[in-house]
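None of the figures in this text is laboratory data; all of them are computed from the coordinates on show. As the structure is a computational prediction, the values presented were derived from the model and not from experiment. Cβ placement follows ideal geometry from the backbone for every residue including glycine, while neighbour counts extend to all protein chains displayed.
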Amino acid sequence: MIRQVKKILYIFLFAVVVSSCQKADDNGDLGGFWKLLKIEDFTSATTIDTKEYKRFWSIQLRVLATSSEDDNSYSYAYGGKGRFQHVGDSLYVQMITISPSSDLKKVGLYNPKDERFEVVHLNRDKMILRSDSALLEFRKF
């Protein structure tokens, strides 16, 4: 009987220790892999339909990573990695590493070192962001 109680206690303690070591992603609907569908570029007064391209934002923990590929090849072009902060109706983005060959405007980042987006719409399936330079429409991938 005592052995069974000890065994149950050890299992319980093990479960508590393992679960406490995992980092929790508290991004809610913002977290995940987002496909960029459309860019309304305010600087050139154009709308770019990006549905046919492979342009993504990946949001996990406090890291934002971008990738962009404009043809149907299976290799993705690394865009950059950065940090973000979601406060109220604002999303602040600061890219830390940027690939020399990347054009971050292709993924909606016109000022990648210090960009503020208004979160126009966000749910588990769709996200619309507006900066001073563009309106971006995403769907969860």
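With 18 Å as the limit, write out which pairs from Lys54/Lys140; Lys35/Lys126; Lys38/Lys81 have Cα-Cα distances beyond it, or answer none. Before the final figure, lay out the partial values.
Working: Lys54/Lys140 13 Å; Lys35/Lys126 10 Å; Lys38/Lys81 21 Å.
Table pairs above 18 Å Cα-Cα are Lys38/Lys81.
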Query - Candidate aspartates and glutamates - alpha carbon under 18 Å from Lys106, same-chain residues fewer than 8 apart omitted - result: Glu40, Asp41, Asp49, Glu52, Glu69, Asp70, Asp71, Asp114, Glu115, Asp132, Glu137
Report task. Set the Förster distance to 25 Å, then compute FRET efficiency between Gln60 and Lys35 from the Cβ-Cβ distance, nearest 0.05. Result -> 0.95
